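Asker: Encoded as structure tokens, here's the structure I'll be asking about.
The values are calculated or read from the model by the stated rules, or taken from the named source; none is laboratory data. These numbers were taken from a predicted model, which means no experiment stands behind them. In this analysis, Cβ positions are derived from the backbone assuming ideal geometry, glycine residues included, and neighbour counts consider all displayed protein chains. Just the protein is used for accessible areas: all its heavy atoms, side chains included, with ligands, DNA and RNA removed. Shrake-Rupley method; radii C 1.70, N 1.55, O 1.52, S 1.80 Å.
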Amino acid sequence: MRDPTSFLRKEYLDLVSQDLDWKLHVLQGPSTPWCIVDGKKVLMLCSNNYLSLSNHPRLKKAAIEAIETYGAGSGSVRPIAGTMDLHKELESRLAKFKGVEASLVYQTGFAVNAGLIPQLAGNGDLIVSDELNHGSIIDGVRLSYADRAVYKHSDVMDLAKVLDDAERHSAEYRRILIITDGVFSMDGDVAPLDRIAKVAREHGAMLYVDDAHGEGVLGEGGRGIVSHFHLSSKDVQVEMGTFSKAFGVVGGHINGSKDLVDFAYNRSRTWLLSGSHPPAVVGACIAAIDVLETEPQHVRNLWANTLYFKKAMGDLGFDIGRSETPIIPIMVRRSDVAKELSARLYEAGVFALPIVFPMVAKDMARIRTIMNAALTTADLDFAIGAFERIGKKLAII
Ligand SMILES: *Cc1c(COP(=O)(O)O)cnc(C)c1O
């Protein structure tokens, strides 16, 4: 008889034979600048923990206190019995931090994109998306019944053209939703949100920004990309973000008008039908906002380290692509070279992973480094020295 599960092993082995399977690396201890990965002490250069908040004493203390007061779990989904006063406190603290009318916290950023996008635009609507948007946006768009169009990466002229064409072919769209990443995670470039907002306004479209890599990084005190461009929820009606990167914990969120939040929690099935955050998560997220509001040095250090590392790597002759943020790709083009560079860096005590096809185009392989506020100048010099030595050996520089 035919084995109905034989495809599992076959497809996995196909990936292995092409060296496209994920080899998981194991962290033995907290995510700190120096950490143990697969039994070896290395300098971490590829974590999204930009501000090192995941191991900040105030976050850890808040998580422990929340467990002692509220327990280990919430016991329910948010709309039934899983909304504690702690969840409400996080949302009001976040709205205040962001300077918006209201905020709503989801289990993850992925849950926001998968649950909200298909509700904002459906049958008779149009979604227009940047060609390099994150996979969670792509899945959210796939779950929608709306028509879709893609515009060239960060190309505002092309966006305007796509909107003009759409209107010519169908003047009947009820709603148009434009979606862009704020900071693009593979290249570290920033979407021209001010110019996108202008085009959106001209076409009466809603604008949705996914600021997963801008939270805690860009804007006044790490308030994100909308703050960075001095825009507001009038220009960018849906400002989506995550607590899983610079905030050091886990959780997705949206920020905007009270109308947006009232609509979103009544409609997003990922929010309605999935258990709410455990108290420890909520307590730690509130503490992360406290830290951002009272300890401005973390965002400052992150940017100082970013500028230092970029300058040194540029001076050595490395190509850092179009990075404008603490995400700094070291472009090497060939996949085999990227993998070799990463392996030798690990041997030298630097942990930075290769990004190769299919995550990026075939000839755009790179090592993606991500800066961290807690790295010292000595740490950065250590990493730069390793890149220089190995880069020369591999004839990259
Ligand atoms: C990481 C990421 C997400 C997902 O956020 P989680 O809260 O980790 O689920 C969504 N969008 C972008 C652009 C991301 O980089």
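Asker: For segment 250-297 and segment 317-375, compute the distance between their C-alpha centroids and round to whole Å.
Answerer: Taking the Cα centre of each part, segment 250-297 and segment 317-375 sit 32 Å apart.
Asker: If you average over every viewing direction, what projected area does the convex hull of the Cα atoms of the chain give, in nm²?
Answerer: Projected area, direction-averaged: 22.2 nm².
Asker: What order do 150, 156 take when sorted by accessible area (1.4 Å probe), most exposed first?
Answerer: In descending accessible area the options line up as 150, 156.
Asker: Tell me whether segment 57-294 comes out rounded, prolate or oblate; compute the Cα gyration tensor, take square roots of the eigenvalues as a ≥ b ≥ c, and use a/c under 1.5 as the rounded threshold.
Answerer: In terms of gyration-tensor shape, prolate.
Asker: Quick one: order 3, 130 from most to least accessible surface, probe 1.4 Å.
Answerer: If we order 3, 130 from most to least accessible, we get 3, 130.
Asker: Can you sort 341, 132 by solvent-accessible area, 1.4 Å probe, largest first?
Answerer: 132, 341
Asker: Something else now. Projecting each Cα onto the charge dipole of the chain (Lys/Arg +1, Asp/Glu -1 at the beta carbon, about the Cα centre), which of 31, 90, 253 comes out farthest on the positive side?
Answerer: Ranked along the dipole, the leading option is 31.
Asker: What's the FRET efficiency of residue 88 with residue 7 using the Cβ-Cβ distance as r and R₀ = 41 Å, to the nearest 0.05?
Answerer: Calculated value: 0.35.
Asker: Shifting gears a bit: Determine which residues of segment 124-158 fall in the zone a paramagnetic label at residue 194 would reach in this model, i.e. backbone nitrogen under 19 Å from the point 7 Å along Cα→Cβ.
Answerer: Output list for this probe position: 154-158.
Asker: For the pair residue 101 and residue 267, how long in nm is the line joining their label points, each one 7 Å along Cα→Cβ?
Answerer: About 1.5 nm, to one decimal.
Asker: Also, quick follow-up: How high is the relative contact order of segment 145-267, given as a whole-number percent (alpha carbon pairs under 8 Å, six or more residues apart)?
Answerer: In percent, rounded to a whole number, it is 17.
Asker: Another one. Answer with one residue from 358, 157, 216: the one whose Cα lies farthest towards the positive end of the charge dipole of the chain, charges on Cβ with Lys, Arg +1 and Asp, Glu -1.
Answerer: 358
Asker: Something else now. For segment 57-294, what does the relative contact order come out to in percent, with C-alpha contacts under 8 Å and a separation of six or more?
Answerer: Relative contact order of segment 57-294: 32 percent.
Asker: Does segment 235-323 come out rounded, prolate or oblate by the C-alpha gyration tensor, with a ≥ b ≥ c the root eigenvalues, rounded set by a/c under 1.5 and, if not, prolate when a/b is larger than b/c and oblate if not?
Answerer: Prolate.
Asker: Excluding residue 83 itself, what net charge comes from residues whose Cβ is under 14 Å from its Cβ, given Lys and Arg +1 and Asp and Glu -1?
Answerer: My count for the surroundings of residue 83 gives -1.
Asker: Under 1.5 on a/c is rounded, so check that first for segment 190-288, then, if it is not, pick prolate when a/b is larger than b/c and oblate when it is not; a ≥ b ≥ c are the square roots of the alpha carbon gyration tensor eigenvalues.
Answerer: Verdict is oblate for segment 190-288.
Asker: Given the whole protein assembly as supplied and a 1.4 Å probe, what does the accessible area of residue 174 come to in Å², nearest 10?
Answerer: About 150 Å², ignoring ligands and nucleic acids.
Asker: Quick check for segment 57-294: number of Lys pairs with alpha-carbon distance under 19 Å, counting only pairs 8 or more apart or on different chains?
Answerer: Total qualifying Lys-Lys pairs in segment 57-294 comes to 14.
Asker: Now for a separate question. Roughly how many percent of the accessible protein surface of segment 311-397 is carbon and sulfur, given a 1.4 Å probe and a whole-percent answer?
Answerer: On segment 311-397, the fraction of accessible area on carbon and sulfur atoms equals 56 percent.
Asker: Further, regarding this structure: List the aspartates and glutamates whose alpha-carbon lies under 17 Å from that of residue 40, not counting same-chain residues fewer than 8 positions away?
Answerer: 347, 379
Asker: Given a 1.4 angstrom probe, what's the average accessible area per residue across segment 113-218, in square angstrom?
Answerer: 39
Asker: Sticking with this one: Under a point-charge model restricted to the Cβ atoms of Lys and Arg (+1) and Asp and Glu (-1), what is the dipole moment magnitude of the chain relative to its Cα centre, in debye to the nearest 20?
Answerer: For the chain, the charge dipole is close to 640 debye.
Asker: If you don't mind, another one. What do the square roots of 5 times the Cα gyration tensor eigenvalues come to for segment 1-104, in whole Å, largest first, as semi-axes of the equivalent ellipsoid?
Answerer: 38, 25, 16
Asker: Would you mind telling me the antiparallel percentage of the DSSP bridges in the chain, rounded to 5?
Answerer: If we restrict to bridges inside the chain, about 55 percent are antiparallel.
Asker: Moving on to the next point. Provide the solvent-accessible area of residue 35, counting protein heavy atoms only and rolling a 1.4 Å probe, rounded to the nearest 10 Å².
Answerer: For residue 35, solvent-accessible area is about 10 Å².
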